[in-house]
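The values are calculated or read from the model by the stated rules, or taken from the named source; none is laboratory data. Quick caveat, the model's predicted, so the values are computed rather than measured. Note that each Cβ is placed from the backbone with ideal geometry, even for glycine, and that neighbours are counted across all protein chains shown.
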Amino acid sequence: MSEWGAIEKGGEAVSAWEFRSHYLTYGDKYEEFFCPFCDIRLVAYLIYTEGEISKSPHFAARSEKHLFGCDGNPVGVSALEYKLPKSRYCPRNMHAPEMLIDRRPPRTSYSKPSESGMKHPSSSDVFERRQNASFLGKAIPRTHLLQSIVEVHNIVIREIYKQAIERKWSDAKRNDEINKALGTLPLQLKDKTNYRDAFRRTLFLNWLYPRIYHGYGFVEISQEGTYFIQSHTDGKVKGEYKPFKIMVFTDVGYESPNSHLALLKQIINLAKNKQECRWYAYGKPEVQSDAIIVTIQNLDHIYLKIKFHQ
Ligand SMILES: [Zn+2]
């Protein structure tokens, strides 16, 4: 099981989460995957799953074995992961995006076939490719899509809830283990943080750096015709409670990715049906007249669900 794949032999190494993010955004689907280091064929799991997934997407070697000591990962990455003080209760084999990046434009191809991709790679080619992938932080799994980060967060919570039932933990012990597990998963936003610190309820605002705020609410339309989510819970500024709102600029046109069109439809329906939603929004709060506002300009940075599955 590994997290890197290429869509052709000798092609660029792309993480399973990034393939998933591109699938959810554009509907990009590739038939074949190869190990980006030793060129064997790989099978993809959970990349093309609609809806929230319960395990991380990954690749596995099925019909062939990795060559020349390759394990499907850049050199040093498995060892590095091993050294991280991961929570004992973090799901096993968990891969998580560690960086939220700006979306790259849609691509018909992820890679230019390199010359070495034309022939079978030698032992030193394989080592070199794995080593190059570790340099310059290239090996950090990244995503442009808030949904992928939320999926990881919820996979960890769901898994620890399961263990809490099996091990008959108190609520306090369970919450403590959730916090520990999320705290050990690094996440780079505009600053370096982790999955615990990144996710905030509306009372715990970070005024300096964007964070992922979440809660429940209803979609409404402002007098100017802008959609916004009115959170059930307030925010707090200088000791004073104020309504918390997410303004969503749904600037969607024919060039927009499929996911933005789908999101706009979802927002319109939620408003029309006055249906409660579970919302996640990435941004920095601002105080505007009598409310605390997070403004969403990039629709990759909001994720809505009708129901929350713990
Ligand atoms: Zn390989």
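Numbers at a glance
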{"item": "Residues that are surrounded by fewer than 16 Cβ atoms within 10 Å (Cβ to Cβ), assigned to a loop (DSSP other than H, G, I, E, B) and either over 17 Å from the mean Cα position of the chain (by Cα) or within 16 Å of the ligand (Cβ to nearest atom) (or both), drawn from region 8-49", "result": "Lys29, Glu31, Glu32"}
{"item": "Tally, over region 259-275, of residues that are surrounded by 15 or more Cβ atoms within 10 Å (Cβ to Cβ) and touching a residue at least 12 places away in the same chain (Cβ under 8 Å)", "result": "8"}
{"item": "Count of residues meeting criterion [surrounded by fewer than 20 Cβ atoms within 10 Å (Cβ to Cβ) and either charged (D, E, K, R) or out of contact with any Phe, Trp or Tyr (no Cβ under 9 Å at 6 or more places or on another chain) (or both)] in region 213-242", "result": "12"}
{"item": "Wholly enclosed helices (runs of 4 or more DSSP H) of region 59-168 bearing at least 2 residues modelled with pLDDT of 70 or more", "result": "123-134, 146-166"}
{"item": "Inter-residue pairs, beta-carbon under 6 Å, first away from the ligand (no atom under 11 Å from the Cβ) and in region 68-91, second modelled with pLDDT of 70 or more and among the polar types (S, T, N, Q), 6+ apart", "result": "Val75/Gln131; Val75/Ser134; Gly76/Ser134; Pro85/Thr184; Lys86/Thr184; Ser87/Thr184; Tyr89/Gln163"}
{"item": "Region 183-212, subset farther than 19 Å from His301 by Cβ and hydrophobic (A, V, I, L, M, F, W, C), residue surrounded by the most Cβ atoms within 10 Å (Cβ to Cβ)", "result": "Leu185"}
{"item": "Conditions (1) crowded, with 17+ Cβ neighbours inside 10 Å; (2) in contact with a helix residue (DSSP H, G or I) (Cβ under 9 Å, 6 or more places away or on another chain); (3) in contact (Cβ under 8 Å) with a residue 40 or more places away in the chain; number of the one not met by Thr295", "result": "(2)"}
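Each row is one residue, and each column tells you yes or no for (1) touching a Leu at 6+ places or on another chain (Cβ under 8 Å); (2) of a type in the set (A, V, I, L, M).
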| position | (1), (2) |
| --- | --- |
| Lys9 | no, no |
| Phe19 | no, no |
| Tyr23 | no, no |
| Glu31 | no, no |
| Pro36 | no, no |
| Leu42 | no, yes |
| Leu46 | no, yes |
| Glu50 | no, no |
| Ser56 | yes, no |
